[in-house]
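Below: the structure, in structure tokens.
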Amino acid sequence: MSETEKLMNLVLAPYILKATALIGKKRDVGGNQFRHAMATMSILLDYKLFDDYVLLKAAVIHDLLEDVPETDEQELRQIDDQANQVVDLVLEVSRPKGMLKTDFMERILKQGSSNSKLLKVADRISNLTDLHRDQYPRKKIRAYLDQTEKYVLPMAKEVSKLMAIELKDLIADRREKINILKSPRLL
């Protein structure tokens with residue numbers, strides 16, 4: 001099948017409808033979680049992952065269970081014949097309550113499926129694209145970039161060399177921008 005035919009066979013509408021519950025969930029950087037979910041899926045499409053329907057569907061709802069806890073998981077599992085796989089992948093990239101973020105990231109890095117790593121990398125690319133120095137203190141940005149280098153970059157190197165290059169470029173760009181802020185000429 002051609003890339004066009006693969007995309008024509010992708011049915012996302014039921015997942016997009018569920019993801020609209022994210023529209024009211026604001027992000028610190030502006031916008032909302034729904035746009036972030038769509039951006040995450042678009043990043044995967046940009047890397048030509050047209051035929052991994054489970055991955056693309058999971059991208060659309062990857063934050064739904066965390067950000068809208070009243071979401072009925074069993075209802076999600078009834079959407080289509082891939083829904084169980086989709087929900088399982090979403091659960092794999094959803095941090096359990098009470099688990100430290102570092103422990104969670106370590107778990108995905110060491111034990112996560114290829115799809116969980118691809119989804120986490122696309123998610124982080126979207127987050128870094130939206131990470132602006134006027135929204136967060138330098139210390140918080142620096143810690144987020146450090147976390148990305150320690151956990152997400154190795155995931156990217158494992159699952160997609162091209163995504164790893166983009167991630168490295170984003171990290172370098174964000175580090176350069178926070179260093180510009182430290183310049184005495186600009187203060």
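The values are calculated or read from the model by the stated rules, or taken from the named source; none is laboratory data. A quick note: this is a predicted structure, and the numbers were derived from the prediction, not measured. Heads up, the Cβs are rebuilt from the backbone with ideal geometry, glycines too, and the neighbour counts pull from every protein chain shown.
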- Being out of contact with any helix residue (DSSP H, G or I) (no Cβ under 6 Å at 6 or more places or on another chain) and either at positive phi or not in a helix (DSSP H, G or I) (or both) is the filter; apply it to the range 132-173 and report the residue that is surrounded by the fewest Cβ atoms within 10 Å (Cβ to Cβ). ASP134
- All positions within the range 12-32 that are under 15 Å from the mean Cα position of the chain (by Cα) and crowded, with 22+ Cβ neighbours inside 10 Å: ALA19, LEU22
- Query: Looking at the range 15-62, which of its residues are under 11 Å from LEU119 (Cβ atoms) and charged (D, E, K, R)?
  - Reply: ASP52, LYS57
- Item | Boolean, ASP46 is within 21 Å of SER160 (Cα to Cα) and either surrounded by 23 or more Cβ atoms within 10 Å (Cβ to Cβ) or not aliphatic (A, V, I, L, M) (or both) | yes
- Kindly establish whether THR4 is modelled with pLDDT of 90 or more and either of a type in the set (Ser, Thr, Tyr) or outside any helix (DSSP H, G or I) (or both). no
- Flag if VAL54 is surrounded by fewer than 19 Cβ atoms within 10 Å (Cβ to Cβ) and either in contact with a Cys (Cβ under 8 Å, 6 or more places away or on another chain) or assigned to a helix (DSSP H, G or I) (or both): yes
- Item | Filter result for LEU128 (surrounded by 13 or more Cβ atoms within 10 Å (Cβ to Cβ), in contact (Cβ under 8 Å) with a residue 60 or more places away in the chain and not acidic (Asp, Glu)) | no
- Exactly one of (1) more than 16 Å from ASP63 (Cα to Cα); (2) of a type in the set (Gly, Ala, Ser); (3) over 16 Å from the mean Cα position of the chain (by Cα) is unmet by ALA83. Its number? (1)
- Any chance you could count how many residues in the range 83-125 are surrounded by fewer than 14 Cβ atoms within 10 Å (Cβ to Cβ) and over 25 Å from ARG27 (Cα atoms)? 3
- Query: Given (1) part of a helix (DSSP H, G or I); (2) at pLDDT 95 or above; (3) hydroxyl-bearing (Ser, Thr, Tyr), where does SER94 come up short, assuming only one miss?
  - Reply: (1)
- Query: Taking THR40 and the conditions (1) more than 15 Å from GLU3 (Cβ to Cβ); (2) free of Cβ contacts under 8 Å to residues at least 60 places away in the same chain, which numbered condition does it fall short on, given that it satisfies the others?
  - Reply: (2)
- Message: Going by what's in this entry, would THR40 be described as in contact with an Asp or Glu (Cβ under 7 Å, 6 or more places away or on another chain), part of a helix (DSSP H, G or I) and within 26 Å of HIS132 (Cβ to Cβ)?
- Response: yes
- Query: Of all residues in the range 13-26 being in contact with a helix residue (DSSP H, G or I) (Cβ under 6 Å, 6 or more places away or on another chain) and not in a helix (DSSP H, G or I), which is nearest to GLN82 (Cα to Cα)?
  - Reply: ILE23
- Test MET99 against the criterion of being in a loop (DSSP other than H, G, I, E, B), modelled with pLDDT under 95 and more than 17 Å from MET155 (Cβ to Cβ), and give yes or no. no
